[in-house]
Each structure stands twice: as structure tokens, then as C-alpha cells.
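Structure first, commentary second.
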Amino acid sequence: MSRSGAPDLPALPPGVVEAVRRALLDHYDRARRDLPWRHESDPYRIWVSEVMLQQTRVETVIPYYRRWLELFPDVEALAEATRDEVLLAWQGLGYYRRAARLHEGARVVRERHAGELPDTYEALRGLPGVGEYTAGAVASIAFGRAVPAVDGNVKRVLARLFDEAAPTAVWLRGVAADLVDPGRPGDWNQALMELGATVCTPRAPVCAACAVAPWCAARRAGTQEERPTRVRHRAVPVASLAVAVVVDDRDRVLLVRRPEGGLLGGLWSFPEAPLDGDGDPGGEVVGGVPTTEASRRAAREAGATLVGGVSPRPLPVVRHRFTHLDARYHPVLLAGRGADHENRRWVPLARREHLALPVAQEKIARAAAAVLDGR
Ligand code: SF4
């Protein structure tokens, strides 16, 4: 297992690589989980599963995956769909940029590849949103290409197998590429991921049940729970936002489409405006700026005309943690009116299900509906 030009890669004695592959693939054949995408050979369907599974648990993905394939059974159907239809099907799965990029990718496959996914790692990498991991997974699983696919689970297993405290991307790529079974690359990559998800878990790995335990350096050294070294995450910044829930005299609320490319791009939300400071549970004054005033400004900037005679009413603060941001939404119920426009709609709260709202906005909508129902 030598790799000229790639320093610091571990070398296993001849014959050991084959023994490791055989042991893990045998285990995979006996114990693999029965997951819907494992019954698929269609590259598009495998691609969808790999995008959905990024940063998301298998149990969460399964119902989304099934529904997605009912709505968009092939590349053509996805390419034909509107952005709203795509985001609605993804609603609740998080990391919405994945859905937008998958949608763009389907259009590129239709236009540049006659509707067929390209069958090499390099060509797959050229599709929107297809990074190293996704290209490796699709190329190996759908097309039998002997390329690695390194996700968080694989990183952990390899770091432990070789007792490497701080594996770099280059190290991981090199080691993973050396280990791929050329006869069953897709199964091999899935077997490694499966081992990380079910046996070689972040805490308390079950070494006694592990197919590769005889060759595991961390197990021998007793360092398995310390590999790879955990990176301490920095505290994420807090962002406080005033949110305008503007209701007209027909009980419709104003929703605006968020700009493409920004946070939650393409989804629909209530107009919002940033507040200074890190939030006030009362929801009335944040960082010296009255929430009501900021929400009124957000409403006006979104095209609403506010009407007097009805007191603004603060709704409960909603918190939502993104990977890079701790957002605190301070919603205020306001009375107003206005007209529909391409990127803004007046929608009865009970009929918002045809527009995709982010999780926090959906909570605000529910709180607003409860207040309006109770009047
Ligand atoms: Fe992970 Fe333990 Fe298996 Fe090593 S022996 S790969 S630490 S489960």
C-alpha cells in the first residue's frame, strides 16, 4: 500500500489490505441495514439519497426520500419542477441549499448530458453542488468506479484504524483511496460508512463486534475514543431579528420570498429586520431598538401599508440554531394591507402549505394562527 509522493500515509503489510476488505465486506453482506436506496441502481436515485444523507440522520431521510421519488421520479421530472415545488418537498430537512443545488444539477444533467448522469468521478464533480464526497459515492455506488467517498463516519473509522489523531483531508483521501476494494467499490464505501454509523460510533465504539478489530491500531493502543481528536467548536454569533407578521382584513399574512443565494434562499418567510444586541425574552426591546418599530420598518420595506387602530402584539420569541448562527426571532403581529407581487404574497395562514417556510417561520406562523383563532 505505498503511495509515492504522498507523505505520512500509513502502510499495511501485504495481504492485510485484502484481509481487511474481506472481513468488512463479509460483515456488510451479513449485517447491512435494509435502506430504500440500497434497492436502487438508478444513478439519479442514488445521487438524491447521497445529497439528502449529508449531515442528516438515516431515519429522518427515509420518508423524505420516498416522497421525493414519488414527486420527482427521474432527472427530467426534477428538472421540470419549479423551485417552490422543490423547496416544499425538502421543507423540514434543513440545509436547503442542497435542494437548490440538486435542482440546478438536474437541469445541467438534462441540458449537458441528455438526462443521464455522467459516469465518472471527474464529470460528476462538474455538476452543481457535487463535492468530493458525493462524486465519490455516486461514482462508486452507481457506476462501480474504484474511488473513495469520505464522510464523517469514514473519517472516524480510518483515524481509528490507523490511530491517527488529526487526519488531514490529503491523508484521508490517500488512505481511503488505497483501501477501496476494486471489485466492489460501492459496497466497500457503504460498508465503511455503515461501520462508522453503527459500530465505530463517536462515543463508546463497540470494538468487540467490529469486523476490522484485529487490524485496528487505536483499539490496540486503547485510544479509540480519542480518535480523531475532537475540534472544539467556536461559539456561533447570535443574531436577533424583528419579524413582521402583517395580517390584512381577510386574515391573510404577508410572506416574502428570500433572495436566492442567501440564508434559506428561495424559501418564504415573514418580513424581518436585524436588531442590535443579543435578544430580550420579552421581545419588546432589543439592544435599545424597539422590536415593534423594527418590525414595522420590515413590513413597510416588504411593500405592506400598515393600518392604525390595532395595537401591535408581540408573539413568543423563536430561536433557531444554524451551524454558523444562533438566530432569535422576535415576531410582532401587525395590521396592514397590500398586493401580491412576484416575490411577495398575501396568504391565508391556513393555506400556507403550498409555500415552503423554514422551521422557525413555521413556528411563528403557528403562534400567529393560535392568536388569530382565539380572537
Ligand atoms: Fe472502531 Fe473499535 Fe472497530 Fe477500531 S476496533 S474500527 S475503534 S469499532
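The values are calculated or read from the model by the stated rules, or taken from the named source; none is laboratory data. On a predicted model such as this, the values are computed, not experimentally measured, just so you know. Ideal geometry is used to build each Cβ from the backbone, glycine not excepted, and the neighbour counts take in all protein chains shown. We work out accessible area using only protein heavy atoms, side chains counted, and drop any ligands, DNA or RNA first. Shrake-Rupley method; radii C 1.70, N 1.55, O 1.52, S 1.80 Å.
Hey, does segment 324-340 have a residue that's touching a Phe, Trp or Tyr at 6+ places or on another chain (Cβ under 6 Å), surrounded by 19 or more Cβ atoms within 10 Å (Cβ to Cβ) and touching a residue at least 40 places away in the same chain (Cβ under 8 Å)? No, segment 324-340 contains no residue that is touching a Phe, Trp or Tyr at 6+ places or on another chain (Cβ under 6 Å), surrounded by 19 or more Cβ atoms within 10 Å (Cβ to Cβ) and touching a residue at least 40 places away in the same chain (Cβ under 8 Å).
Got a sec? Which of Asp181, Asp248 is outside the structural domain of Val318 (by TED's automatic domain parsing) and more than 16 Å from the ligand (Cβ to nearest atom)? Testing whether each residue is outside the structural domain of Val318 (by TED's automatic domain parsing) and more than 16 Å from the ligand (Cβ to nearest atom) leaves just Asp181.
Counting only helices (runs of 4 or more DSSP H) that sit completely within segment 1-104, those holding 3 or more residues that are under 15 Å from the mean Cα position of the chain (by Cα) and touching a residue at least 60 places away in the same chain (Cβ under 8 Å) correspond to 43-53, 83-90.
Against the test of being at pLDDT 80 or above, over 27 Å from the mean Cα position of the chain (by Cα) and of a type in the set (Gly, Ala, Ser), the options Ala273, Ala239, Ala244 yield a single qualifying residue, Ala244. The one condition from (1) within 27 Å of Met52 (Cα to Cα); (2) open to solvent by 60 Å² or more (accessible area, probe 1.4 Å); (3) touching a helix residue (DSSP H, G or I) at 6+ places or on another chain (Cβ under 8 Å) that Gly183 does not meet is (3). Identify the residue in segment 198-214 that is surrounded by 19 or more Cβ atoms within 10 Å (Cβ to Cβ) and out of contact with any Leu (no Cβ under 6 Å at 6 or more places or on another chain) and, among all such residues, is farthest from Gly152 (Cα to Cα). Ranking the qualifying residues of segment 198-214, first place goes to Cys210.
Considering (1) open to solvent by 10 Å² or more (accessible area, probe 1.4 Å); (2) of a type in the set (S, T, N, Q); (3) more than 19 Å from the chain's Cα centre (by Cα), the lone condition that Ser140 does not fulfil carries the number (1). Applying the set (1) part of a loop (DSSP other than H, G, I, E, B); (2) surrounded by 21 or more Cβ atoms within 10 Å (Cβ to Cβ); (3) within 16 Å of the ligand (Cβ to nearest atom); (4) not hydrophobic (A, V, I, L, M, F, W, C) to Arg160 leaves exactly one unmet item: (1).
Matching residues to (1) more than 12 Å from the ligand (Cβ to nearest atom); (2) under 22 Å from Arg38 (Cα atoms); (3) not aliphatic (A, V, I, L, M):
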{"site": "Trp171", "(1), (2), (3)": "yes, no, yes"}
{"site": "Ala176", "(1), (2), (3)": "yes, yes, no"}
{"site": "Met193", "(1), (2), (3)": "yes, yes, no"}
{"site": "Gly196", "(1), (2), (3)": "no, yes, yes"}
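Scanning segment 63-81 for residues that are open to solvent by less than 40 Å² (accessible area, probe 1.4 Å) and closer than 16 Å to Arg33 by Cβ yields a total of 1.
Can you tell me how many residues within segment 127-137 are over 14 Å from Ala106 (Cβ atoms), in contact with a helix residue (DSSP H, G or I) (Cβ under 7 Å, 6 or more places away or on another chain) and either hydrophobic (A, V, I, L, M, F, W, C) or surrounded by fewer than 21 Cβ atoms within 10 Å (Cβ to Cβ) (or both)? Summing the residues that are over 14 Å from Ala106 (Cβ atoms), in contact with a helix residue (DSSP H, G or I) (Cβ under 7 Å, 6 or more places away or on another chain) and either hydrophobic (A, V, I, L, M, F, W, C) or surrounded by fewer than 21 Cβ atoms within 10 Å (Cβ to Cβ) (or both) in segment 127-137 gives 2.
When Ala142, Ala135, Ala204 are checked against the criterion of being touching a Phe, Trp or Tyr at 6+ places or on another chain (Cβ under 8 Å) and without any contact (Cβ under 8 Å) to a residue 24 or more places away in the chain, Ala135 stands alone in meeting it.
When restricted to residues that are without any contact (Cβ under 8 Å) to a residue 40 or more places away in the chain and either within 8 Å of the ligand (Cβ to nearest atom) or more than 30 Å from Arg33 (Cα to Cα) (or both), segment 210-224 contains 2. Elements of the type strands (runs of 3 or more DSSP E) sitting completely within segment 292-375 and holding at least 3 residues that are farther than 25 Å from Ala99 by Cβ and of a type outside the set (Phe, Trp, Tyr): these cover 326-337. Taken over segment 145-157, the criterion of being out of contact with any Gly (no Cβ under 7 Å at 6 or more places or on another chain), in contact (Cβ under 8 Å) with a residue 40 or more places away in the chain and under 20 Å from Trp171 (Cβ atoms) is satisfied by Asp151, Gly152, Lys155.
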